[in-house]
Amino acid sequence: MDVAGKIAFVTGGASGIGLGIARVLVANGARVVLADIRQDHLDEAGGWFVDHGHGCEVHTIRLDVTDRAGWAAAADETEALLGPVDILIANAGVGLEGPLDEASYADWDFGLGVNLGGVVNGLQTFLPRMRARGKGGHIVNTASLAGMVTMPSTHAIYATGKAAVIALSESIRDGLAAHGIGVSVLCPGPIKSNIHEAAQNRPERFREGSGFGESEARLGRRQVSELWMEPDEVGEMVLDAIRANKLYVITHGEWRDAVIARHDAILEATPTTSNPALIASLMAPD
Ligand SMILES: NC(=O)c1ccc[n+]([C@@H]2O[C@H](COP(=O)([O-])OP(=O)(O)OC[C@H]3O[C@@H](n4cnc5c(N)ncnc54)[C@H](O)[C@@H]3O)[C@@H](O)[C@H]2O)c1
């Protein structure tokens, strides 16, 4: 689908990758809602669009993607102000890492709540509205290369959420095609962003009992490298995927060998024998 004249809802849209995607969508004629938990990010990003003559095409909404009532309110506000959403970019995420043996329920609930739950909440909010409208649309879910390769245990929570977002995106594609709704999953490598600010993005209810305080403080001191990709370059890749309804958007080739190694190991462990009758036995009758 083309994006000109369309309405896009971008979570985590006020910084980094989400903002890069929003800039590219606006430059190509879309109107965009930036939905983000951070008011400082929203103010800065909204100001950027005003300064660049696109204030009328962009609306900002404060939203914590783990807040389901907040999602419904944000969808209603978007429809009232801009119209129905054609493109959902479920991108908000947090760069959670820390020693596995110090991970608490607060850390698991925070990491999976935002990185996976935020995507689920977006789908549950917008898919019924898109389907009821009957005009198709497109969903882009942001996962990570961390969901495609085997990660160290310090990244277990992050990798778990991101691998689930990939599986979710793959599995809904078929069913949504019948409604003219395309699905893409974005798997970035290192991109210039504020992802190291995980501690500042942790809602109050996920703070008590966290075992990742030290790791989050260390991550917060990490410097963005000039070698990392510009968010707008990712935005261009996402635009291309929306237009051509491409499933996978993978930004970097540096982890190709790791992707191959993981898939080779899976193939190696998969028996070559197959009984078609067994597969048929799993089908429920109509
Ligand atoms: N930057 C990278 O190198 C990289 C690599 C792979 C995947 N990713 C993924 O890309 C996505 C965007 O991250 P980024 O790198 O642009 O980071 P970022 O921190 O610059 O942007 C993320 C935005 O999401 C917002 N956010 C965080 N928690 C939220 C919540 N609960 N509700 C609503 N908004 C929330 C933040 O305020 C921020 O504005 C994330 O899903 C991240 O996991 C990033």
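Each value in this text was obtained by applying a stated rule to the coordinates, not by laboratory testing. Just so you know, these numbers come straight off a predicted model, no measurement behind them. No Cβ is skipped: glycine too gets one built from the backbone with ideal geometry, and neighbour counts run over all protein chains shown.
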Problem set entry | Surrounding net charge for R256, when Lys and Arg each add one and Asp and Glu each subtract one, Cβ distance under 13 Å | -2
Exercise. For S184, S274, what ranking results if the residue with the fewest other Cβ atoms within 10 Å of its Cβ goes first?
Worked result: S274, S184
Problem set entry | region 1-141 - convex hull of the alpha-carbon atoms, volume per residue in Å³ | 104
Problem set entry | Environment charge at N141 (Cβ cut-off 11 Å; Lys +1, Arg +1, Asp -1, Glu -1) | +1
Problem set entry | Amide H within-cut-off set for V140, under 5 Å, with H built and near neighbours excluded | L88, I89, A90, S184
Exercise. Going by how many other beta carbons lie within 10 Å of each one, how would you line up I279, I61, I157, I242, fewest first?
Worked result: I279, I61, I157, I242
For this session: With +1 on each Lys and Arg Cβ and -1 on each Asp and Glu Cβ, and nothing else charged, work out how big the dipole of the chain is about its Cα centre, in Debye to the nearest 20.
Result: 640
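Give, as a single signed number, the net charge of other residues whose beta carbon lies under 12 Å from the beta carbon of M237, with Lys and Arg counted +1 and Asp and Glu -1.
That works out to -3.
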Seminar exercise, completed: From the Cα centre of region 95-121 to that of region 215-249, the distance in Å is 20
For this session: Within 10 Å of each residue's Cβ, count the other Cβ atoms and sort T60, T154, T272 from fewest upward.
Result: T272, T154, T60
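According to the Cα gyration tensor, what semi-axes, each the square root of 5 times an eigenvalue, does the equivalent ellipsoid of region 198-282 have, listed from largest to smallest in whole Å? Intermediate results must be reported in sequence, preceding the final value.
Working: eigenvalues 271, 117, 58 Å².
Semi-axes from the Cα gyration tensor: 37, 24, 17 Å.
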Seminar exercise, completed: In Å, the Kirkwood estimate of hydrodynamic radius for the chain over Cα pairs equals 19.7
Exercise. What is the distance in Å between the Cα centres of region 60-86 and region 141-189?
Worked result: 23
